[in-house]
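The values are calculated or read from the model by the stated rules, or taken from the named source; none is laboratory data. Owing to the predicted nature of the structure, the values given are computational and were not obtained by experimental measurement. Neighbour counts are summed over all protein chains in view; Cβ atoms, including those assigned to glycine, are modelled from backbone coordinates with ideal geometry. What goes into the accessible areas is simple: the full protein's heavy atoms, side chains included, and nothing from ligands, DNA or RNA. Shrake-Rupley method; radii C 1.70, N 1.55, O 1.52, S 1.80 Å.
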Amino acid sequence: MSSRQTSEKITLECLEAAPWPFVLFVFFAFISAYVVAKHNAFALKDTLLALGGMKKFEKNWLINLLIAATLTLPLGASYWVIAACGA
């Protein structure tokens, strides 16, 4: 296999892996919004304000865990994609 074929293969693998951090972020953001809305009996507007930091809301261990996962898992996936692509 020549070096040109190898670099093309790496590029295609990187393009396939690139959307995963965004997918993880959106997934955990929706789950967090749902749990905050159910736990606090919020409407959509109040939920978005609460997750945006503009409205106080009651937290529990599940909400704290989901917020931490929303921030850390996509960041870790982004690091993995950048490291795997050699950028």
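Tabulated data
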| quantity | calculated |
| --- | --- |
| Ala41 vs. criteria in contact with a Lys or Arg (Cβ under 8 Å, 6 or more places away or on another chain) and farther than 24 Å from Pro19 by Cβ | no |
| So Ala77, is it assigned to a helix (DSSP H, G or I), open to solvent by less than 50 Å² (accessible area, probe 1.4 Å), at pLDDT below 90 and in contact with a helix residue (DSSP H, G or I) (Cβ under 8 Å, 6 or more places away or on another chain) | yes |
| Breaking point among (1) part of a helix (DSSP H, G or I); (2) open to solvent by 100 Å² or more (accessible area, probe 1.4 Å); (3) modelled with pLDDT under 85; (4) not hydroxyl-bearing (Ser, Thr, Tyr), for Phe22 | (3) |
| Only one of Leu12, Leu44 that is aliphatic (A, V, I, L, M) and modelled with pLDDT of 90 or more | Leu44 |
| Filter pass, Lys55 being touching a helix residue (DSSP H, G or I) at 6+ places or on another chain (Cβ under 6 Å) and charged (D, E, K, R) | yes |
| Selection within the stretch 27-73 - in a helix (DSSP H, G or I), surrounded by 14 or more Cβ atoms within 10 Å (Cβ to Cβ) and of a type in the set (Phe, Trp, Tyr) | Phe27, Phe28 |
